[in-house]
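The values are calculated or read from the model by the stated rules, or taken from the named source; none is laboratory data. Because the structure is a prediction, the values reported are computed rather than measured. Counting neighbours? That spans all protein chains shown, and the Cβs are built from the backbone with ideal geometry, glycine included. Accessible surface is based on the protein model in full, side chains and every heavy atom, while ligands, DNA and RNA are left aside. Shrake-Rupley method; radii C 1.70, N 1.55, O 1.52, S 1.80 Å.
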Amino acid sequence: MSDDHETTFDSADAGASATFPIQCSALRKNGFVVIKNRPCKIVDMSTSKTGKHGHAKVHLVAIDIFTGKKLEELCPSTHNMDVPNVTRREYQLLDISDDGFLSLMSDDGDTKDDVKVPDGEVGEKINKLYRVEEKDTNVTILTAMGEESAIDAKEAPRQ
């Protein structure tokens, strides 16, 4: 075998390792899926049987986990779809900067300053707990496909 047929594997795109493939029929409600390059949580799904030569199709309805937008996808049940690797991590809130960034510390002492206070309910909850009630606050950060967002906040348990 000559060396001129050596295969090199370049990464396809930035999201390559951020997802893994799974067969459509194996997806479940409340699970995660990538639709239109966005990480989503499945809120509804149904399978339709088709005619003599067609495939069964899976109809997915999902909500983008970062924007809250509703997305739909129709996929043959035997085809693969990407599932995002989603991680949830809790951090202790140290401060909120004037430009709206959270200063966070993980359990192992690493600090993180690149997550913005989200708009809407979660942002109001973070501000209320930290600024108004002056409580020790823990913030839950959801990470998927290179994006991060604060999705919840609660009063930190007393040590």
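Let's test the formula: R0 of 22 Å, r as the Cβ-Cβ distance of residue 103 and residue 140. What FRET efficiency results, to the nearest 0.05? Don't jump to the answer; show the numbers that get you there.
Numbers: r = 16 Å, r/R0 = 0.71.
Efficiency, rounded to the nearest 0.05: 0.90.
For the chain, report the translational diffusion coefficient in µm²/s to the nearest whole number, using Stokes-Einstein at 10 °C, 1.306 mPa s, and a Kirkwood Rh over Cα pairs. Before the final figure, lay out each step's value.
Numbers: Rh = 18.3 Å.
The estimated diffusion coefficient comes to 87 µm²/s.
Compute the separation of the alpha-carbon centres of the range 27-72 and the range 77-137 and state it in Å as a whole number.
27
Rank these residues by their accessible area, most exposed first, probe 1.4 Å: 130, 91. All intermediate terms of the calculation are to be shown ahead of the outcome.
Working: 130 55, 91 25 Å².
Reading off the accessible areas and sorting them downward yields 130, 91.
Can you give the relative contact order of the chain as a percent, counting alpha carbon pairs under 8 Å and 6+ residues apart? Mind showing how you got there, number by number?
Details: 298 pairs, mean separation 28.9, N = 159.
It rounds to 18 percent for the chain.
Put one equal scatterer on each alpha carbon of the range 46-117, apply the Debye formula with no solvent term, and list log10 I(q)/I(0) at q = 0.18, 0.27 1/Å to two decimals.
The Debye formula, applied to the Cα set alone, gives -0.82, -1.19.
Using alpha carbons only, what's the Rg to Rh ratio of the range 86-155 with Rh from Kirkwood? Could you put the intermediate results ahead of the total?
Values: Rg = 11.0 Å, Rh = 11.9 Å.
My calculation puts Rg/Rh at 0.93.
Measuring from a point 7 Å past the Cα of residue 87 along Cα-to-C-beta, which residues in the range 113-151 have an amide N at less than 18 Å?
The answer is 113-116, 139-151, whose backbone nitrogens lie closer than 18 Å to the label point.
Under a point-charge model restricted to the Cβ atoms of Lys and Arg (+1) and Asp and Glu (-1), what is the dipole moment magnitude of the chain relative to its Cα centre, in debye to the nearest 20? Walk me through the intermediate numbers first.
On the way: 20 positive and 29 negative charges, 271 e Å.
That gives the chain a dipole magnitude of about 1300 debye.
Restricting to DSSP H runs of at least four residues, report the calculated mean residue ellipticity at 222 nm for the chain, -39500 (n - 2.57) per run over all residues, nearest 500 deg cm²/dmol.
-1000 deg cm²/dmol
Probe of 1.4 angstrom, ligands and nucleic acids ignored: what's the accessible area per residue over the range 86-155, in square angstrom?
Values: 4160 Å² over 70 residues.
Here the residues of the range 86-155 average 59 Å² of exposed surface.
Pairs 29/57; 29/135; 116/154: which exceed 27 Å Cα-Cα? Spell out each step's value before the answer.
On the way: 29/57 16 Å; 29/135 36 Å; 116/154 17 Å.
Pairs exceeding 27 Å: 29/135.
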